[in-house]
1. Using a 1.4 Å probe and ignoring any ligands, DNA or RNA, find the accessible area of R86 and quote it in Å² to the nearest 10.
2. Tell me which residues come under 5 Å, amide H to amide H, from G36 once H is placed; ignore anything under 5 positions away on its chain.
3. Angle check, please: helix 3-22 long axis (alpha carbons) against the longest principal axis of the chain (alpha carbons), in degrees 0 to 90, nearest 10.
4. Given a 1.4 Å probe and heavy atoms of the protein chains only, how would you sort L40, L125, largest accessible area at the top?
5. I'd like the accessible area for I20: 1.4 Å probe, protein heavy atoms, all chains in place, Å² to the nearest 10.
6. Give the relative contact order (percent, whole number) for region 12-71; include only Cα pairs under 8 Å separated by 6+ residues.
7. Say we join alpha carbon atoms closer than 10 Å with springs in a Gaussian network model of the chain; which of Q35, Q102, Q79 then has the biggest fluctuation?
8. Please tell me the relative contact order of the chain in percent, rounded to the nearest whole number, where contacts are Cα pairs under 8 Å and at least six residues apart.
Amino acid sequence: MPMAASATTRAVVDELLRRIGGGDPESIAEMYAEQGDWKLDWPEAEHGRAATPWIRHRSTRADAAAHYRELAEHHVPEQASTEIERILVDGRDAVVIGEIRQTARSTGRAYRARFALHLTVEDGLVTRHHVYEDSLAVAQAFDTK
């Protein structure tokens, strides 16, 4: 892949992360293609549970906005942070590695979850968003038992 592709990918990823930090779902969604491949590495049987509705596969820009709205609705924004440790770029693909720190609104439990986010950028927009995270930490924070 030409160096230009990697530079474009890096710029798009940097802007996406900046917008995610800003917290405006509509602005974040503008970074995604109209149709895309969005997957979360969670057991399929656990997708869309009432306590964690944002955890499910998605395929549209509107889905992306809904994801960030649902994520915000179920967490305490003042008690959230993300540490980005690495961004690796190879042509159109990027992997963001880090740790999220959140507090579940419904239980008040704080959690930390390591993650890797695989993104693909085409024509300046994100077309793939695959998340691999510590799903057990998230599930335990939302567990009401």
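1. 140 Å²
2. Amide H to amide H, under 5 Å and 5 or more residues apart or across chains, G36 pairs with T60.
3. Taking Cα atoms only, the helix is inclined about 30 degrees.
4. L125, L40
5. Near enough 60 Å² of accessible area.
6. For region 12-71, the relative contact order is 37 percent.
7. Q79
8. With pairs under 8 Å counted, the relative contact order is 26 percent.
The values are calculated or read from the model by the stated rules, or taken from the named source; none is laboratory data. Please read all numbers here as calculations on a predicted model, not as lab measurements. All Cβ positions, even for glycine, are placed from backbone atoms using ideal geometry, and neighbour counts span all protein chains on display. These accessible areas exclude ligands, DNA and RNA; they are computed on the full protein's heavy atoms, side chains included. Shrake-Rupley method; radii C 1.70, N 1.55, O 1.52, S 1.80 Å.
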